[in-house]
Amino acid sequence: QQQVKQSPQSLIVQKGGISIINCAYENTAFDYFPWYQQFPGKGPALLIAIRPDVSEKKEGRFTISFNKSAKQFSLHIMDSQPGDSATYFCAASMEYGNKLVFGAGTILRVKS
Amino acid sequence: NAGVTQTPKFRILKIGQSMTLQCTQDMNHNYMYWYRQDPGMGLKLIYYSVGAGITDKGEVPNGYNVSRSTTEDFPLRLELAAPSQTSVYFCASSLSRGSGYGYTFGSGTRLTVV
């Protein structure tokens with residue numbers, strides 16, 4: 001069973017703080033690890049993605065850290081803002097972006 | 001450019017009824033997907049298609065059927081609706097294998113079976 005385990009289920013962070021969401025996987029054939037952001041009533045939207053040959057990728061306030069040996073990856077949101085309040089999903093794919101397997105999601109609330 | 005369009009947005013079905021969830025995309029994407037989203041469970045793949053005329057099962061296909069007669073459309077059919085099919089359904093598309101561009105999702109269909 002291909003699985004991606006995501007934690008925590010929910011997270012409350014103060015404005016300006018760092019939000020950290022973690023994911024772990026078992027299948028070493030996964031070759032693409034994206035994060036999706038979902039606002040209420042909307043479909044998920046691609047936030048940032050990484051391939052296993054890179055240990056870190058940064059886009060603005062969002063950073064993916066990837067540890068291939070531990071089979072873990074995480075999303076860091078720096079200077080968290082109330083507008084970042086959403087559900088975040090990690091995912092993985094064996095086909096470089098197709099047939100994604102999703103984690104269970106993390107509900108982030110940023111308090112102002 | 002509309003992206004991925006899903007209809008209807010909401011629907012209540014009675015047990016045993018059937019319905020079709022519509023999905024269309026205007027980005028000329030080859031790959032299309034149907035996922036269901038349940039609270040605390042993430043998104044589970046129901047069916048996917050790699051091009052017109054080609055479909056395959058995902059992780060949770062039981063109780064559903066799909067067809068792909070055109071590149072643009074990928075309808076999901078529910079036969080004999082059951083309460084376990086109460087969920088939010090998302091259609092998504094992506095360019096092609098190896099693109100790494102990620103999915104474009106529709107806004108979802110919230111289905112309740114009573």
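The values are calculated or read from the model by the stated rules, or taken from the named source; none is laboratory data. This one's a predicted model, so the numbers in the text were calculated from it and none came from an experiment. As a convention, Cβ positions derive from the backbone with ideal geometry for all residues, glycine included, and neighbour counts pool all protein chains shown. In case anyone asks, the SASA skips ligands and DNA or RNA and just uses the protein heavy atoms, side chains included. Shrake-Rupley method; radii C 1.70, N 1.55, O 1.52, S 1.80 Å.
Less than 13 Å Cβ to Cβ from B:Thr5, Lys/Arg counted +1 and Asp/Glu -1: what total charge do the surrounding residues give?
Net charge around B:Thr5: -2.
Dividing the convex hull volume of the alpha carbon atoms of chain A by its residue count, what do you get in Å³ per residue?
94 Å³
Would you mind working out the magnitude of the charge dipole of region B:48-114 relative to its Cα centre, with +1 at each Lys and Arg C-beta and -1 at each Asp and Glu C-beta, to the nearest 20 Debye?
That gives a dipole near 60 debye.
Can you pull the mean other chain C-beta count within 10 Å for peptide B:103-111?
Averaged over the peptide's residues, the number is 4.
Could you work out how far apart the two model spin labels at A:Gln72 and A:Ile20 are, taking each label as a point 7 Å from the Cα in the direction of the beta carbon, and quote it in nm?
0.9 nm
Is there a pair in A:Lys42/B:Lys44; A:Lys99/B:Lys44; A:Lys71/A:Lys111; A:Lys42/A:Lys71 whose C-alpha atoms are over 21 Å apart, and which pairs would that be?
Violating the 21 Å limit, Cα to Cα: A:Lys71/A:Lys111; A:Lys42/A:Lys71.
For chain B, which whole-number percentage of the solvent-accessible area (1.4 Å probe, protein heavy atoms only) is attributable to carbon and sulfur atoms?
51 percent
Of the accessible area of chain A, with the probe set at 1.4 angstrom, what percent is carbon plus sulfur?
The nonpolar share, carbon plus sulfur, comes to 48 percent.
Can you give me the accessible area per residue for chain A, using a 1.4 Å probe, in Å²?
Per-residue accessible area for chain A comes out at 48 Å².
Computed on protein heavy atoms with a 1.4 Å probe, what is the summed buried accessible area for the chain pair A and B, in Å² to the nearest 100?
About 1700 Å² of accessible surface is lost on pairing.
Assuming a ≥ b ≥ c are the square roots of the Cα gyration tensor eigenvalues, decide whether chain B counts as rounded (a/c under 1.5), prolate (otherwise, with a/b larger than b/c) or oblate.
Note, shape of chain B comes out prolate.
Where does region B:1-58 land on the Kirkwood hydrodynamic radius, alpha-carbon pairs, in angstrom?
13.4 Å
Per residue of A:36-49, count partner chain C-beta atoms within 10 Å of its C-beta, then hand back the mean as an integer.
4
Restricting the count to DSSP beta bridges whose residues both fall in the protein assembly as shown, what percent are antiparallel, rounded to a multiple of 5?
Rounded to the nearest five, the antiparallel share is 90 percent.
Based on Cβ point charges of +1 for Lys and Arg and -1 for Asp and Glu, what charge dipole magnitude is obtained for chain B about its Cα centre, in debye rounded to the nearest 20?
240 debye
Between A:Lys5 and A:Gln81, what FRET efficiency follows from the Cβ-Cβ distance if R0 is 25 Å, with the result rounded to 0.05?
In this case the efficiency is close to 0.40.
Any idea how far apart A:Ser55 and B:Thr20 come out in nm if each label point goes 7 Å out from Cα toward Cβ?
5.3 nm
So what are the protein assembly as shown's ellipsoid semi-axes, whole angstrom, largest first, if each one is the square root of 5 times an eigenvalue of the alpha-carbon gyration tensor?
Three semi-axes, in Å: 29, 20, 16.
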